[in-house]
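The values are calculated or read from the model by the stated rules, or taken from the named source; none is laboratory data. In this text the structure is predicted, and so the values were computed from the model without any measurement. All Cβ positions, glycine included, derive from the backbone under ideal geometry; neighbour counts span all protein chains shown. We work out accessible area using only protein heavy atoms, side chains counted, and drop any ligands, DNA or RNA first. Shrake-Rupley method; radii C 1.70, N 1.55, O 1.52, S 1.80 Å.
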Amino acid sequence: MKRFLIPTMLCLLTMHVFAQQAVVNKQHHFPKTVPAGNYSGITWLGGNRYAVVNDKARTAGFHLMTITTDPATGNIKDVRADAFMTNQQPNRDEEGICYFPQNNTVFVSGEADGHIIEYQLDGQLTGRKMNIPSIFNVTHGNRGFEALTYNATTHRFWTTTENTLKADGEKPTITRRIPNLLRFQSFNDDLQPCEQYYYLTDTTDVKGTEGKNTLGVSGLAALDDGQLVVLEREVHRTPNEIGSYAHVKLYVVNPSMQRAGDLLQKQLITEFRTKMNITDRSFANYEGICVGPRLNDGRTLLMLVSDSQDQYRGFLKDWFRTVAVGDLHFRPQPNTTTDLSALLKTINNIGDNTKLKTPSFLSHEELPNTLRFLAEPPKPGEDAFENDQYYYKWGKEQRETPRGSQAAIDETQWTSRAFSPSVGFVIGPSETPEIFKLVEGARKDANATNKIAKNYFRRTRPFVYYQEPSLVSEDDRKEETTYSYPSGHSARGWVYAFTLALVVPDSTETLIARAQEYALNRVICGRHYKSDVDASLIEATAIMSRLMSNAAFLEQLDKARKEYARMREKANEN
């Protein structure tokens, strides 16, 4: 974590420069020309034309609005809602919208269905939608795709969820004072997924634990130079509403200057608060942001729109606001995979080992005797050890790449979380209890088998042998007295993949590929030799052979398959 100190100090030193370049204009509302709504996303269509989504509209669609601004200051002079364009289909809880000039269409993200769909400007569907990676399939309740933006110069769409995905950890609450760990996902013009980055929000600054809190990223705005403006906002509501406030922070990140898979470093542009008390009713929950027209002096205009919850109880308003910013040349400092893994470890330490009982299936006598078929590990001076040395060097070369970032993540996260994206749902005690019992029971059998082999061969780990730090060096002290052959992580990964493939056969290829990656990531970390992970596949095969003839395992497998069938039926109904 110490490596973050230098970038943080540099951010603090330059923060006042960005703040001076940002001018937050006065917010305005226009009750005579803008109907009460739940305005959650906005995009610029050119000139003074905008499209705005309403997440509680009766039907799916978007408003076309005319917004007039002062070309010198960017201050809003007038807003007029012209028409609501809809295909009369049910509302999708539309949260984000972006204009795609190549087709003169808009894309709209829905929290209810988890899709990002293309619409013509008359509200009709084009039939195209984004190919969403499976990791985004399961969110914490209504906390899915909140932000959406597109830039025609970089040819990239960007989106993210409001809160941490279930596969990545817990979301913050007023008592759980942690940041959100988000994934910023890009797509190309063909609507295929491209780069993905991690992003950490700030933690709450609320005093006390009374009331309700919403903390997350509600909007993104893509700039021509590849940078993104990030709208973080925290809404705190008191029990009687008096004293409630919304705190908005605008950050800039620069994915084009970081590696895919990195944690995005961010720089504060500006921040402001709106309030609700006896004398001040400026409270505005800003949920949408977009890049608007250039001002006369060349500054970029950012347009923000707030969600009034249909002018809740008559005292909230549909506020619009602009922020004028000068050129933002944010240059992030080098990011290390060790920093990323430490952050993920802090947030991802989810209690999968809960009170839900997950007994193993095999008795000690039924565990496969791997000592009968595993060869002795290679020793220094032998030809096979040269291959281990080759892969150890290869692994070190991967550490400063996106693959190295994934290896660091795999070092720290639960096995269930590592394989959830491969099947498209969260494997957990509350989300999928029967599947969780199956894979966790099998994992325990893999652990027990592996422990016997490790204690017999007692091979020194490579990072200890070479007297070098591993990829995740903060764990080196506790790992240096444990053994290397065969790899326990890898054996668990293979058993997880084989077991899940019995439940979700359509994901077999994805699961096997993930297990192979998971195993080789142990080499990248410096925890294991290549021969260690090779032996783990042999070990896992023997374990699965025993499990497939075990009555308790087969009974739980049947329950898991039925649970998955119910999940598919429910998904098809939706």
Taking segment 19-53, which residues are assigned to a strand (DSSP E or B) and small (Gly, Ala, Ser)? Ala22, Ser40, Gly41, Gly46, Ala51
Within segment 419-429, is there a residue that is more than 20 Å from Leu537 (Cβ to Cβ) and touching a Pro at 6+ places or on another chain (Cβ under 9 Å)? yes
Contact list please: Cβ distance under 6 Å, first residue in segment 356-377 and within 14 Å of Ile543 (Cβ to Cβ), second residue among the small types (Gly, Ala, Ser), pairs at least six apart or on different chains. Ser360/Gly441; Phe361/Gly441; Phe361/Ala552; Leu367/Ala448; Pro368/Ala542; Thr370/Ala453; Leu374/Ala535
Note: among Ser549, Ser536, just one is of a type in the set (Ser, Thr, Tyr) and touching a residue at least 60 places away in the same chain (Cβ under 8 Å), namely Ser536
What about Thr499, is it closer than 22 Å to Val423 by Cα, out of contact with any Asp or Glu (no Cβ under 9 Å at 6 or more places or on another chain), in contact (Cβ under 8 Å) with a residue 24 or more places away in the chain and surrounded by 24 or more Cβ atoms within 10 Å (Cβ to Cβ)? yes
Report yes if Ala513 is open to solvent by less than 20 Å² (accessible area, probe 1.4 Å) and either charged (D, E, K, R) or under 30 Å from Asn137 (Cβ atoms) (or both), otherwise no. no
Scan segment 92-109 and report the pairs whose first residue is farther than 17 Å from Ser218 by Cβ and polar (S, T, N, Q) and whose second residue is part of a loop (DSSP other than H, G, I, E, B) and open to solvent by 10 Å² or more (accessible area, probe 1.4 Å), with Cβ atoms within less than 8 Å and a gap of 6+ or a chain change. Gln102/Ala152; Gln102/Asp189; Asn104/Leu121; Thr105/Leu121
Just to verify a result, which residue in segment 197-211, among those that are at pLDDT below 90 and under 17 Å from Val248 (Cβ atoms), is surrounded by the most Cβ atoms within 10 Å (Cβ to Cβ)? Thr204
Residue in segment 19-33 that is farthest from Phe320 (Cα to Cα), counting only those that are modelled with pLDDT under 95 and of a type in the set (A, V, I, L, M): Ala19
Checking Thr482 against (1) in a helix (DSSP H, G or I); (2) more than 24 Å from Pro402 (Cα to Cα); (3) open to solvent by 10 Å² or more (accessible area, probe 1.4 Å); (4) in contact (Cβ under 8 Å) with a residue 24 or more places away in the chain, which single condition isn't satisfied? (1)
Go through segment 262-297 residue by residue and tally those that are within 22 Å of Lys207 (Cβ to Cβ), open to solvent by 40 Å² or more (accessible area, probe 1.4 Å) and touching a residue at least 40 places away in the same chain (Cβ under 8 Å). 0
Taking Lys56, is it open to solvent by 20 Å² or more (accessible area, probe 1.4 Å), out of contact with any Leu (no Cβ under 7 Å at 6 or more places or on another chain) and either part of a loop (DSSP other than H, G, I, E, B) or at pLDDT below 95 (or both)? yes
Kindly indicate the residue of segment 242-261 that is out of contact with any strand residue (DSSP E or B) (no Cβ under 6 Å at 6 or more places or on another chain) and farther than 30 Å from Thr401 by Cβ and also most open to solvent (accessible area, probe 1.4 Å) among those meeting that condition. Ile242
Find the residue count for segment 534-552, including only residues that are open to solvent by 10 Å² or more (accessible area, probe 1.4 Å), assigned to a helix (DSSP H, G or I) and hydrophobic (A, V, I, L, M, F, W, C). 6
Would you point out the residue of segment 405-437, among those that are of a type in the set (A, V, I, L, M) and not in a helix (DSSP H, G or I), that is farthest from Gly261 (Cα to Cα)? Ile427
Considering Gln89, Gln102, which residue is over 21 Å from Tyr312 (Cα atoms), open to solvent by 20 Å² or more (accessible area, probe 1.4 Å) and assigned to a loop (DSSP other than H, G, I, E, B)? Gln102
Considering only residues that are among the charged types (D, E, K, R) and within 22 Å of Tyr99 (Cα to Cα), look in segment 121-147 and name the one that is modelled with the lowest pLDDT. Glu146
Looking at (1) open to solvent by less than 10 Å² (accessible area, probe 1.4 Å); (2) closer than 16 Å to Tyr564 by Cβ; (3) of a type in the set (A, V, I, L, M, F, W, C), find the lone condition where Val423 falls short. (1)
Identity of the residue in segment 553-574, within 14 Å of Gly441 (Cα to Cα) and open to solvent by less than 50 Å² (accessible area, probe 1.4 Å), that ends up farthest from the chain's Cα centre (by Cα): Phe553
Unmet criterion (only one of (1) buried (at least 19 other Cβ atoms within 10 Å of the Cβ); (2) closer than 22 Å to Pro133 by Cα) for Thr370: (2)
